[in-house]
Amino acid sequence: MQIDKLNLEVGQTYSTLIKAYEMDDLEGNLYVFEDEVIKIEIFEKPEYVMIDDGPNGELIKTKLTGHLLESHWYLVRNFTTGTKQWFSVLHREVINILLEPSVSLI
């Protein structure tokens, strides 16, 4: 089943994948990255977020704007880190929907 990663469903849990890759820097050092699979749960995007205003160190409530409104950004629970965070699926594959086992009431 092909999953449309730009239309993930709120409340669903998915596995995402970045395939292994290599890159080198300007000094010729080679960096090798293994496959990375991360399990996420999708939350509804909030209407408002808290931002740090910088030098004053105050948190300010503001309407969600900018890049986080784009369809590849999701507010998720990252089961790898145990945190709630913003997560882009732009360079990831969504490889499956994880269904929680149903509970028998018998």
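The values are calculated or read from the model by the stated rules, or taken from the named source; none is laboratory data. The structure presented is a predicted model; accordingly, all values stated were derived computationally and were not measured. As a convention, Cβ positions derive from the backbone with ideal geometry for all residues, glycine included, and neighbour counts pool all protein chains shown. Accessible surface is based on the protein model in full, side chains and every heavy atom, while ligands, DNA and RNA are left aside. Shrake-Rupley method; radii C 1.70, N 1.55, O 1.52, S 1.80 Å.
Here are the numbers for the structure shown:
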| item | result |
| --- | --- |
| When residues of the stretch 35-57 are limited to those that are in a loop (DSSP other than H, G, I, E, B) and surrounded by 10 or more Cβ atoms within 10 Å (Cβ to Cβ), the one farthest from the chain's Cα centre (by Cα) | Asp53 |
| Cβ pairs under 7 Å, 6+ apart, first in the stretch 59-85 and open to solvent by 90 Å² or more (accessible area, probe 1.4 Å), second assigned to a loop (DSSP other than H, G, I, E, B) | Lys63/Glu47 |
| Selected residue (only one of Val10, Val32 is open to solvent by 60 Å² or more (accessible area, probe 1.4 Å), under 20 Å from Phe79 (Cβ atoms), out of contact with any helix residue (DSSP H, G or I) (no Cβ under 9 Å at 6 or more places or on another chain) and not small (Gly, Ala, Ser)) | Val10 |
| Count of residues meeting criterion [part of a loop (DSSP other than H, G, I, E, B), touching a Ser or Thr at 6+ places or on another chain (Cβ under 9 Å), at pLDDT 90 or above and among the hydrophobic types (A, V, I, L, M, F, W, C)] in the stretch 63-106 | 2 |
